[in-house]
1. Checking the conditions here, which among V152, V113, V109, V93 is surrounded by fewer than 19 Cβ atoms within 10 Å (Cβ to Cβ), of a type outside the set (D, E), at pLDDT 90 or above and under 25 Å from E39 (Cβ atoms)?
2. Mind checking which residues of the range 21-56 are among the charged types (D, E, K, R) and at pLDDT below 90?
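The values are calculated or read from the model by the stated rules, or taken from the named source; none is laboratory data. Keep in mind it's a predicted model, so treat the numbers as computed, not measured. Here the Cβ positions follow ideal geometry from the backbone for every residue, glycine too, while neighbour counts run over all protein chains shown.
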Amino acid sequence: MAPGNDGALLLGRYRLAYELGRGGAGIVYGAQDMTLGREVAVKVLQGRPRVPQAAARMAREAQALADVQHPHLVRLLDYGDEGGTPCLVMELVDGIDLRGLCAHHPCTVAETVVILDQTLAALQACHARGYVHRDLKPGNVLVQRGDAPLSVKIIDFGIVQIAGDAGATALTVQGQIFGSLRYMAPEQWSQVGVGPRTDLYAV
């Protein structure tokens, strides 16, 4: 079965079960790891797997998640290619994004401090390794609540950039700016001087 369809078996072990969400480039599915018997999240490119820039961006996303391991970053489990389509396998986070949380349950001051502290700690780990997320927004911050202490996970490193890497512009289409307008720093508009401060602006 082709990647991107519910029920497809990817990389010989991950059975897609249901769609979790989709963005500009990828679709994320809840899936079953048939080897280890656990639930995972699988991201596949949406409709343009053979566009070199799109595949390169997903490869960079996988590399960033492999290089930076932190309790408040989504964890990479596997990465591979299925019929020419890159597939990114991550832990399945049981939580709600910050946008949804704020819409249904306004955060207390104490909760807000915890969310900010954990988000900034995760960003610090990324920046220390030279990575800039470039698309930090409430929809990309998952919040786990319940009986356990509140915990966040930053997700979607689809347009991650290595700070100061001029070659990153080769991964974009000429004239196209990636990111979320509402949280985009001025230097991201100009595509000049993108760095850790770009993520801090979004916070």
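1. Checking each option against the conditions leaves just V93.
2. R22, R48, R50
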